[in-house]
1. Only one of (1) touching a residue at least 24 places away in the same chain (Cβ under 8 Å); (2) open to solvent by 50 Å² or more (accessible area, probe 1.4 Å) is not met by THR94, so which one is it?
2. Here is a check on your reading of the model: is PRO199 closer than 24 Å to ILE20 by Cα and crowded, with 17+ Cβ neighbours inside 10 Å?
3. What number of residues within the range 4-25 are out of contact with any Lys or Arg (no Cβ under 8 Å at 6 or more places or on another chain) and either in contact (Cβ under 8 Å) with a residue 60 or more places away in the chain or of a type in the set (Phe, Trp, Tyr) (or both)?
4. Given the structure, is SER86 open to solvent by less than 20 Å² (accessible area, probe 1.4 Å), under 23 Å from PHE145 (Cα atoms) and touching an Asp or Glu at 6+ places or on another chain (Cβ under 7 Å)?
5. Of the numbered conditions (1) assigned to a helix (DSSP H, G or I); (2) without any contact (Cβ under 8 Å) to a residue 40 or more places away in the chain, GLY46 satisfies every one except a single condition; which is it?
6. Which of the residues spanning the range 67-108 are hydrophobic (A, V, I, L, M, F, W, C) and assigned to a loop (DSSP other than H, G, I, E, B)?
7. How many residues does the range 4-47 contain that are surrounded by fewer than 16 Cβ atoms within 10 Å (Cβ to Cβ) and hydroxyl-bearing (Ser, Thr, Tyr)?
8. Being modelled with pLDDT of 95 or more and either out of contact with any strand residue (DSSP E or B) (no Cβ under 6 Å at 6 or more places or on another chain) or among the aliphatic types (A, V, I, L, M) (or both) is the filter here; which residues of the range 10-21 pass it?
Amino acid sequence: MRRYEAAALKSDGSFSQEQIVAPAIDLFEEATAAFARGTLVATPNGPVAIEDLFPGDVVETRDGPAQVTWIGSTIFYPNTAEGASSLSHLTRVTAEAFGPTTPMKDLLIGPGARMVVRREKLRTLLGASAVLAPIQDYTDGDRIFDITPPSPVQMFNFALANHSTVTLSGLEVETYHPGKLADPTLGHNVRALFLSMFPGIEMFEEFGGLIFPRTSRETIESLGL
């Protein structure tokens, strides 16, 4: 089990804050453990540390400025994960690991972090100009490597009214969305507990569609991209 926190902008303009204790499984961990404290998010007023974002704040997205509607967080505790937990370690992405200024500085990420991968052939093969792939898939032991920090690290993820992408220190990543395949694997109690973190949402379909398809590095490379 793990403690999770969520802050949300409600439809009437008010705020809600919630703390729950829930299973340490991918669904909850990806929602709250994508980016470490200190990660800089692009906003119209310049970069803002992710821990300083609040529901209602505006960030820069691929489609222009958009309001943050939800922020989730949890604490990574070293050497405590077991069972179904995917939050057993963090991953450091060093500066320029994916090319010049991508990212511009080191990033510390968790299992919820997916980046945009663009390839010329994707539109022909998949009908989309880009896909979303887990950053941890690109671990190479050199410029992108798993680490276990010696002390706890606060992790975050955040959502907008519509799924989109944002830039973190020059790296384009997705905002939070539970994905299309989340619901069928859950029991009623776990589903209800998860949705309780999102005021006004009663079914997974209400999260809307994904801006790009999700896939893995293995699949991208198997297509010869």
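1. If we test THR94 against (1) touching a residue at least 24 places away in the same chain (Cβ under 8 Å); (2) open to solvent by 50 Å² or more (accessible area, probe 1.4 Å), just (2) comes out false.
2. Details: closer than 24 Å to ILE20 by Cα: yes; crowded, with 17+ Cβ neighbours inside 10 Å: yes.
Yes, satisfied.
3. 11
4. Details: open to solvent by less than 20 Å² (accessible area, probe 1.4 Å): no; under 23 Å from PHE145 (Cα atoms): yes; touching an Asp or Glu at 6+ places or on another chain (Cβ under 7 Å): yes.
Against the criterion (open to solvent by less than 20 Å² (accessible area, probe 1.4 Å), under 23 Å from PHE145 (Cα atoms) and touching an Asp or Glu at 6+ places or on another chain (Cβ under 7 Å)), SER86 does not qualify.
5. Tallying (1) assigned to a helix (DSSP H, G or I); (2) without any contact (Cβ under 8 Å) to a residue 40 or more places away in the chain, GLY46 fails exactly one: (1).
6. Scanning the range 67-108 gives ALA81, ALA84, LEU87, ALA95, ALA97, PHE98, MET104.
7. 3
8. Answer for the range 10-21, where residues must be modelled with pLDDT of 95 or more and either out of contact with any strand residue (DSSP E or B) (no Cβ under 6 Å at 6 or more places or on another chain) or among the aliphatic types (A, V, I, L, M) (or both): ILE20, VAL21.
The values are calculated or read from the model by the stated rules, or taken from the named source; none is laboratory data. Quick caveat, the model's predicted, so the values are computed rather than measured. When we count neighbours, we look across all protein chains shown, and the Cβ atoms used for this are built from the backbone with ideal geometry, even at glycine. With ligands, DNA and RNA removed, areas are computed over all heavy atoms of the protein, side chains included. Shrake-Rupley method; radii C 1.70, N 1.55, O 1.52, S 1.80 Å.
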